[in-house]
Number of protein chains: 2
Amino acid sequence: MERHVPHFQEELDTLKTRLLAMGGLAEDRVRLAVRALVDRDAPMLDTVLVSDEAINRLHIEIDDRCLKLLALRQPMAIDLRAIVSAVKINTDLERVGDLAVNIAEAAARYLQHPPVKELIDIPRMADLAKDMLRDALDAFVRRDLQLARHVLDRDDALDTLKIHVFRSLLDHMMRAPDTIEPAMDLILISRHLERIGDHATNVAEDVIFLVSARDVRHHQHDLP
Amino acid sequence: MERHVPHFQEELDTLKTRLLAMGGLAEDRVRLAVRALVDRDAPMLDTVLVSDEAINRLHIEIDDRCLKLLALRQPMAIDLRAIVSAVKINTDLERVGDLAVNIAEAAARYLQHPPVKELIDIPRMADLAKDMLRDALDAFVRRDLQLARHVLDRDDALDTLKIHVFRSLLDHMMRAPDTIEPAMDLILISRHLERIGDHATNVAEDVIFLVSARDVRHHQHDLP
């Protein structure tokens, strides 16, 4: 039987597929954590808290693939930039997985208290952050400049929601000091969601750099 | 006049020097922001808020150096891993610069109110985080495994300080609801400092991976 030696483009495609898989896992965990918070479902939270083994394995595997591609294939120009971008995106996705755990931890504390308020803006923030992340990864895979720019455009909306969550909860805390502890946890969750948006923004900026070889970072779009 | 073409090792050394310079800038900004908070010095805060132009320029320059080294020198083995690590470390340092701005923003809000309490743990957290960051970078430059491990060891101390800050401020908020707003800002500052420690930890993990070619991430030391 002949051993199949994959072509470089095949290996690049596999790398992209693995990054998408990693993004899917990270997104799932964020979705689960926020749904468990809204539904006050402690067992569902536990599934997020228990282990992110799959993400961690994939993180190491992707790093390894990138190093091997750099070492063995010595790619040039856009392929080189794509692989270096993949290393960075891999780090961003791993942090999103960590943030899902942080959200689940704060949610578990939140569930120890009676609900402070109906949760409307936090699920909205979660949806927005997840959409930004998915679009940023799609933009990377398809090298789609327009989609990457669309990710950057939504960062302000996420910021506005975060400020709204903060002000509304500050108001609750002032009026009812017994809500201070759970309100704090909701504020922390909104900040974790904002950071997921930041990671999506990082990925989108990498895509713009990759495709246009122009560095948008530190120009039109200042990081928070 | 003959044009000097630098050797590969010379270019690697320059890369290290530039990373150290970037680390120094990031560390300075954190130090300034926390000192301005403690001294209630609004003009000093402004110097942090005004611009991180120097860090941003260095961030782009270092990324560029790494890509050029990868493209033109096609390094192998430990040199390849060192350059890929430099790309990651560069990202971590840029985020530390962003966190200094976040600290300065929260500090500026904090200064609008009377002091909530004497600040003891927050300057301690800042010192610890800065030391971790500096040691992590030194460990990278000197490929010093032991120093890198010493960085990881201190992450728990930073976490303990953060929990202490949180509990003590929660107590203030419960007893005096008019301290809620400024106390929130101190809690946020302690979390920004914790994240600086996380970035130092990332750098230290990269060093251990680089030197021992063994992946410590997701094993002995779980990220928060």
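The values are calculated or read from the model by the stated rules, or taken from the named source; none is laboratory data. As the structure is a computational prediction, the values presented were derived from the model and not from experiment. Here the Cβ positions follow ideal geometry from the backbone for every residue, glycine too, while neighbour counts run over all protein chains shown.
Quick notes on this one:
- Check on A:Asp13, touching a residue at least 24 places away in the same chain (Cβ under 8 Å) and of a type in the set (Asp, Glu): no
- Residue list for segment A:138-153, filter: farther than 17 Å from A:Glu27 by Cα and of a type outside the set (Gly, Ala, Ser): A:Arg142, A:Arg143, A:Asp144, A:Leu145, A:Gln146, A:Leu147, A:Arg149, A:His150, A:Leu152, A:Asp153
- The numbered conditions (1) under 14 Å from the mean Cα position of the chain (by Cα); (2) away from every other protein chain (no Cβ under 11 Å); (3) of a type outside the set (Gly, Ala, Ser); (4) surrounded by fewer than 24 Cβ atoms within 10 Å (Cβ to Cβ) are all true for A:Arg191 except (2).
- Only helices (runs of 4 or more DSSP H) whose full extent lies in segment A:105-207 are considered here, and the ones with at least 3 residues that are closer than 24 Å to B:Arg167 by Cα and touching a residue at least 40 places away in the same chain (Cβ under 8 Å) are A:155-175.
- Test: residue in segment A:211-221 that is modelled with pLDDT under 95, buried (at least 19 other Cβ atoms within 10 Å of the Cβ) and not in a helix (DSSP H, G or I): yes
- Those residues of segment A:159-170 which are loosely packed, with under 13 Cβ neighbours inside 10 Å and within 11 Å of chain B (Cβ to nearest Cβ), in sequence order: A:Arg167
- Residue in segment B:98-117 that is closer than 20 Å to B:Val151 by Cβ and buried (at least 21 other Cβ atoms within 10 Å of the Cβ) present: yes
- Residues being more than 23 Å from B:Glu94 (Cβ to Cβ), away from chain A (no Cβ under 14 Å) and loosely packed, with under 15 Cβ neighbours inside 10 Å are represented in segment B:42-57 by at least one member.
- Segment B:68-83, subset free of Cβ contacts under 8 Å to residues at least 12 places away in the same chain and either of a type in the set (Gly, Ala, Ser) or on the phi < 0 side of the Ramachandran plot (or both), residue surrounded by the most Cβ atoms within 10 Å (Cβ to Cβ): B:Leu80
- Candidates B:Asp98, B:Asp92, B:Asp64, B:Asp79 - the one that is modelled with pLDDT under 95, under 30 Å from B:Ile187 (Cα atoms), part of a helix (DSSP H, G or I) and within 12 Å of chain A (Cβ to nearest Cβ): B:Asp98
- Residues in segment A:21-61 that are part of a helix (DSSP H, G or I), of a type in the set (Asp, Glu) and within 16 Å of the chain's Cα centre (by Cα): A:Glu27, A:Asp28.
- Scoring A:His172 on the criteria (1) more than 27 Å from B:Met174 (Cβ to Cβ); (2) in contact with a Lys or Arg (Cβ under 8 Å, 6 or more places away or on another chain) leaves a single failure, condition (1).
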